[in-house]
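The values are calculated or read from the model by the stated rules, or taken from the named source; none is laboratory data. Every value quoted in this text rests on a predicted model; they were computed, and no experiment measured them. Cβ coordinates were reconstructed from backbone atoms using ideal geometry, including for glycine residues, and neighbour counts include every protein chain displayed. What goes into the accessible areas is simple: the full protein's heavy atoms, side chains included, and nothing from ligands, DNA or RNA. Shrake-Rupley method; radii C 1.70, N 1.55, O 1.52, S 1.80 Å.
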Amino acid sequence: KQEVTQIPAALSVPEGENLVLNCSFTDSAIYNLQWFRQDPGKGLTSLLLIQSSQREQTSGRLNASLDKSSGRSTLYIAASQPGDSATYLCAVRPTSGTYKYIFGTGTRLKVLA
Amino acid sequence: GAGVSQSPSNKVTEKGKDVELRCDPISGHTALYWYRQRLGQGLEFLIYFQGNSAPDKSGLPSDRFSAERTGESVSTLTIQRTQQEDSAVYLCASSLARPTDTQYFGPGTRLTVL
């Protein structure tokens, strides 16, 4: 059974710091892995989608890597800003069964001004 | 274009009542998913629709939960005889058919059962 774990559960950093969020999954049989952002009381916003054949994706100050064989992904945020404060969720899409996502429990990030 | 929409945005109900939640997917998206997010927890898969195929209901927590989808458009999630543990945010997502396509999420319906 696929399980997704995110570490740390919560993180507080001063503005301007570079930071790394971690995601691990137990079964490497995945189509892709996606990072989402969730603001309080809001839905999910897709940040980066990494297909199983890819090693990383970049968008602006965000860079996500995928090491499928070891079951790990990292989300790197450069030069963090207070507006980056949110919960970051990692989700994998297993190749078995239907195409539902399996989500981690998230990392709550607070960037202090 | 329009994203995924859900209604109502908030629903407060009394224990034992039935509730119906609605999801309007992005036009042309054949796949539709319902997830539940309890306070402080991750998203739990509930049910998946793909075109005219039989839905994957493996995530529904009890027979009080059911969902329907009309063709490739609107979906409704019904919870009968609501319990306090049903209190959560219910999120809907839609996507194109391929497993490599991203899912687009609606804003969710926050359900509170008193």
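When the label point is put 7 Å from the Cα of B:Lys15 along its Cα-to-beta-carbon vector, which residues of region B:87-105 have a backbone N closer than 15 Å? Answer for region B:87-105: B:87.
Short-range pairs are left out: with C-alpha atoms under 8 Å and at least six residues apart, the relative contact order of chain A is 37 percent.
With only Lys, Arg, Asp and Glu charged, each at its Cβ (+1 for the first two, -1 for the last two), find how big the charge dipole of chain A is about the Cα centre; round to the nearest 20 debye.
So the magnitude is around 260 debye.
Per residue of B:99-112, other chain Cβ atoms within 10 Å of the residue Cβ number 5 on average. With a simple spin-label model that places each label point 7 Å from the Cα along the Cα-to-Cβ direction, the separation between A:Glu3 and A:Ser46 comes to 2.9 nm. Across chain B, C-alpha contacts under 8 Å between residues 6 or more apart give a mean separation that, scaled by the residue count, equals a relative contact order of 37 percent.
Solvent-accessible surface, computed for protein heavy atoms with a probe of 1.4 Å, shrinks by 20 Å² or more for the following residues of region B:20-62 when the other protein chains are added to the isolated chain: B:Tyr33, B:Tyr35, B:Gln37, B:Gly42, B:Leu43, B:Phe45, B:Tyr48, B:Asp56. Placing a label point 7 Å from the Cα of B:Leu39 along the Cα-to-Cβ direction, the residues of region B:81-114 with a backbone N closer than 13 Å are B:84-89, B:111-114.
Counting only protein heavy atoms and a 1.4 Å probe, region A:39-97 has 46 square angstrom of accessible area per residue. Taking θ as phi - 60° and the Karplus parameters 6.51, -1.76 and 1.60, the scalar couplings of region A:98-113 work out to 7, 8, 6, 7, 10, 9, x, 8, x, 10, 8, 9, 10, 9, 8, 6 Hz in sequence order, x denoting glycine and proline. Listed by chain and number, the lysines placed with their C-alpha closer than 18 angstrom to that of B:Lys11 are A:Lys42; residues fewer than eight positions away on the same chain are left out.
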